[in-house]
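The values are calculated or read from the model by the stated rules, or taken from the named source; none is laboratory data. Only a predicted model underlies this, so the values are computations on that prediction, with no experimental measurement involved. Positions of Cβ are generated from backbone atoms using ideal geometry, with glycine treated the same way; all protein chains shown enter the neighbour counts.
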Amino acid sequence: MNVSKCYEVLGLEPGSSLKEIKSAYRKLALKYHPDKNSSEKDDQQFKLISDAYQTLKNHHKTVVTPNKKFADLYPEDAVSWYNQAEALFAKRKYDEAVVLYDKAVGKLPRYANAWLKKGDCFSNLKRYEEALVCYDKVLEIDSKSTSVVEPKGCMSF
C-alpha cells in the first residue's frame, strides 16, 4: 500500500506526526476491531487500517530518523591518528604523540584510550596538571575504568 493511500485510510493529511497517526489508528481500530464487529466488511476494514498504520509507522521512522554515516560513527582517520600516536609514544616522542591524540579525540571525543594515552604523554613530559585533566576525562567517559592511575610525581592527600 502506498503512503498517500495509508494517510487516506486513516483519515489524515500527508505529513501527519507519528502521534497523530497513532491516535487515528487507535480510534479506528476500536471502531472496526473484530471483537466489536463480526461482519466481513468490518474485518476487512480493520486489516486495511492495521496495514496502513504499520506502513506509516515504518515510513515515519525511516524518513524522520537521520541516518548517520558509518564514517561519522567510526571515523577512520581518528583510528589512524591514534595508531600513529601510539607509534610515537613507543619511540618516546611524547610532544608529537600529543598532537595526534588531540586529533583523535577531536573526531571521537569519547575515545577513552586516546585520552588515557594523551594523559600518559603529559605525565612523561612532567606536565601533571594536563595529565590529570586527561585522566579525569577518561573517568568521565568510563567511571569504572581501572586504567587510570595517578601520574608519576603526583602526590595523594
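General observations
- From the list Cys134, Cys154, the one residue that fits, being at pLDDT below 95 and either under 18 Å from Trp81 (Cβ atoms) or within 23 Å of the chain's Cα centre (by Cα) (or both), is Cys134.
Yes/no per residue for (1) at pLDDT below 85; (2) surrounded by 15 or more Cβ atoms within 10 Å (Cβ to Cβ):
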site	(1), (2)
Gly15	yes, no
Leu30	no, no
Ala52	no, yes
Lys69	yes, no
Ser80	no, no
Glu86	no, yes
Phe89	no, yes
Tyr94	no, yes
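- Pair list, Cβ < 6 Å and 6+ apart or interchain, from region 26-55 residues that are closer than 18 Å to Glu8 by Cβ to residues that are among the acidic types (Asp, Glu): Tyr32/Asp42
- Summed over region 104-123, the residues that are surrounded by 17 or more Cβ atoms within 10 Å (Cβ to Cβ) and out of contact with any Ser or Thr (no Cβ under 9 Å at 6 or more places or on another chain) give a count of 13.
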